[in-house]
Each structure stands twice: as C-alpha cells, then as structure tokens.
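The values are calculated or read from the model by the stated rules, or taken from the named source; none is laboratory data. Since the structure is predicted, the reported quantities are computational estimates derived from the model, not experimental observations. Every residue, glycine among them, receives a Cβ derived from its backbone with ideal geometry; neighbour counts consider all protein chains shown.
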C-alpha cells in the first residue's frame, strides 16, 4: 500500500492553518482535534511545532475545557466592543479613502487618522477617537503610495 502524502506544494501546514481561520467553524474543529490529540497522550511541545500554536494557547484551551466542559468549545464572541462600522459603511469608506481628502472638504494632504475621524463624523455621523480612526486606517491597509492628494509641503513639481 502506498503511503498517503500531500504532494501539492501550495498546501503546507501554514496554509491549512490560515484556511482554518477563514472558514467558519474550521478553527473550532482544529481546536477539537488538538484537544483529542492531547487527550490521547501526544506531547504539547510536538503539537506546538506542528500547529504553530503557543503553549499558552493550548494551556488556556485545556483549562477552559476542564472548567466548562464541552461548552468551552462553543464559539464565543470576540472580546471588546463591536465595531461601529457596518460592512456597508466599511466598503464605502474604503472607496472614500481612494479619493483626495479635499473631495470631502478636508484639508489638503494625504489621509491620516485625524482626517478620517472628521470624515466619519461629517459623512456618516460616527464619532470615534483619533486612535480608533488610526486602527481603521490600519484595518483598511491604506497604502500611502496609492493615496490621492498632495503632501502638505509638496513643491510644484510633486503635485498632481
């Protein structure tokens, strides 16, 4: 009988773990599989190497299961306050960020946290602090090279 191997080079452990995070419920299945392997006597350090999880994460999972039983495996909401931005607003903001801030009556220059904060309040009625606006910019992965607008101290040759 031939050994069972995965020969596709694009399918490695990291790719499978990333996919598990993308698919709803897959991460829970992976968590259950790891707990089964621990229950069957596999060493946590070996599982750390294979799955790339920290020992602290597996320790937390084991403590949760010991304290709460199988209910610990139920999906829990992520910690923290839910986002004020709906998916529809997020999509619109991504489009807005491709425009020059002056289109929205903001000072010239490139998008930054303060400008996004003002934009959210004026256009969408959403009040956020500057830190949260910066987090949104990071979430949208705003690439400074793709931003529209002119730098504040741009000379005549660098303007569009």
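The one condition from (1) at negative phi; (2) at pLDDT 85 or above that residue 75 does not meet is (2).
Check segment 61-69 and report whether any residue there is under 30 Å from residue 137 (Cβ atoms) and either part of a helix (DSSP H, G or I) or in contact (Cβ under 8 Å) with a residue 12 or more places away in the chain (or both).
Our first condition is that a residue be under 30 Å from residue 137 (Cβ atoms); within segment 61-69, this holds for none.
No - not one qualifying residue is present in segment 61-69.
Residue-level check: of (1) in a helix (DSSP H, G or I); (2) modelled with pLDDT of 85 or more; (3) surrounded by fewer than 13 Cβ atoms within 10 Å (Cβ to Cβ), residue 41 misses just (1).
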